[in-house]
Structures are given as structure tokens and as C-alpha cells.
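The values are calculated or read from the model by the stated rules, or taken from the named source; none is laboratory data. Source: prediction; values computed, not measured. Please note: Cβ atoms are built from the backbone with ideal geometry, for glycine as well, and neighbour counts cover all protein chains shown.
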Amino acid sequence: ETGVTQSPTHLIKTRGQQVTLRCSSQSGHNTVSWYQQALGQGPQFIFQYYREEENGRGNFPPRFSGLQFPNYSSELNVNALELDDSALYLCASSLDRSNTGELFFGEGSRLTVL
Amino acid sequence: AQSVAQPEDQVNVAEGNPLTVKCTYSVSGNPYLFWYVQYPNRGLQFLLKYITGDNLVKGSYGFEAEFNKSQTSFHLKKPSALVSDSALYFCAVRAPSGGYQKVTFGTGTKLQVIP
């Protein structure tokens, strides 16, 4: 069974640039959620994808967008990067969009915006 | 809106002693409650969950948590702490309704187990 994998693990961007982060979900999981974890904070829900559609979103602006592919892998795109976007971005997969089970997290992509 | 409070930024405990990490929550309806652990520069790992049933839930690595509906609490406990338990612990809550899993996390409690 393959776990959740994320790439890249670290990256540095400058303000105003765009970034794409990638996630492969755990085998058999059709739902992917993205979280932003700022330094010293808990993860904050960005959005969830189920069967290639966004079906839930947290309090993040439209410049945060995503995709889910037929194999359930996912991308997080952030446009017009701001300094406050510096954070650890976590991808989590789960068996289904509304089940009661736990989330399976990847190890994250650490984004630094200069 | 749902929320989680972890009142302690850090908990220090001697190895071999019992530990408690506190969590209170606010959510409409019966909650789904979770504990996760995060080691440095790593993602979160699931420890245990409460959905329904017995108020005392047992999880991974000897951890357990007690659900108290009247106090809206879900404290994490372990009878005997290990140095390897030192990590960042997050309590999380999810409302039972809705078609998606918006899980709200607390700000985390750093557990330091002293040899």
C-alpha cells in the first residue's frame, strides 16, 4: 500500500510568482484535502477534492486553486504569491468524502516566499 | 462554526509518569474528534478518534482519550510517558453533517518528555 506523497518537499519563490504543489493520494483513496500550516499553527483547511471536483472550501482566496485527476492525484496552485503564503502545505487523502475515518497526510511541501 | 482549543502550548512530563494533553471543542451536533501527532518536519499521523460509543477511546502507541460531552472535552492521555512520545500533538474536530471533511485543528501542544 503506497502512502500519500507530495512534491516538491521544499521550494523558494518570490512575491508575485505562482507555484504548483503535487500530491499522490494513498492507494484506494478518492478524496484529497489540502491544508496550510503556518509556523507554530495548526493546519488550516484550504479545500477538498472528490472525483475531480472541489466539494468544500475553507477561508482562502480564489488565488488558491486546485485540480484532481482521474487517478485521484491532486495539485494545489497558488497565484500572486504573498509573503504570508510561506507555510507547510499538507495534502491528506481519505477513503471517501464524508466518511468518519481519519485523514492520511503526506509529509508536506514547505514553501518560502521572499 | 466549529473550533478546537488546546490551552497548553507545551506540556512537560518526566519519563514514566502519566501524561495528559488537553482539548476542548465547539461544534454543532455530535462531534467527530481526532488526535494527530506531528514529528519535526513531518506530516501528521493519526493517533485515535471518537465517533460514537464508549467515551474512552484507545489508539496507537498506548495513547487513549476520554470524550466528555458535558465538558466538551477530549483529553489525550497515556499512563506512562516515553521520551519518544516527545512531539507536537493536535486535536481536531469535524462536524457530522455535510458532504465534505472540513476538519478543524487546534493550535497544537508540544509534549516534552524528560528522561
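Do you know which residues across the stretch B:38-58 are assigned to a strand (DSSP E or B), closer than 18 Å to A:SER33 by Cα and without any contact (Cβ under 8 Å) to a residue 60 or more places away in the chain? Walk me through it before giving the result.
Step one: filter the stretch B:38-58 for residues assigned to a strand (DSSP E or B), giving B:38, B:44-50, B:56-58.
With the extra rule that they be closer than 18 Å to A:SER33 by Cα, the set shrinks to B:38, B:44-46.
Listed by number, the residues that qualify are B:LEU44, B:GLN45, B:PHE46.
When you go through (1) in a strand (DSSP E or B); (2) at pLDDT 95 or above; (3) more than 9 Å from every other protein chain (Cβ to nearest Cβ) one by one for A:CYS91, which number turns out not to apply?
Of (1) in a strand (DSSP E or B); (2) at pLDDT 95 or above; (3) more than 9 Å from every other protein chain (Cβ to nearest Cβ), only one is false for A:CYS91: (3).
Out of B:ASN12, B:ASN30, report the one residue that is touching a residue at least 40 places away in the same chain (Cβ under 8 Å), surrounded by fewer than 19 Cβ atoms within 10 Å (Cβ to Cβ), closer than 25 Å to A:TRP34 by Cα and not charged (D, E, K, R).
Being touching a residue at least 40 places away in the same chain (Cβ under 8 Å), surrounded by fewer than 19 Cβ atoms within 10 Å (Cβ to Cβ), closer than 25 Å to A:TRP34 by Cα and not charged (D, E, K, R) holds for just one of B:ASN12, B:ASN30, which is B:ASN30.
Condition first: buried (at least 21 other Cβ atoms within 10 Å of the Cβ), over 12 Å from the mean Cα position of the chain (by Cα) and modelled with pLDDT under 95. Can you find one or more residues in the stretch A:41-53 that meet it?
yes
Please specify each residue of the stretch B:56-86 satisfying the condition of being away from chain A (no Cβ under 14 Å) and small (Gly, Ala, Ser).
Passing the criteria: B:GLY62, B:SER70, B:SER73, B:SER80, B:ALA81, B:SER84, B:SER86.
Among the residues that make up the stretch A:32-39, is at least one of them out of contact with any strand residue (DSSP E or B) (no Cβ under 7 Å at 6 or more places or on another chain), within 18 Å of B:ASN41 (Cα to Cα), modelled with pLDDT under 95 and within 14 Å of another protein chain (Cβ to nearest Cβ)?
Yes, that holds for at least one residue.
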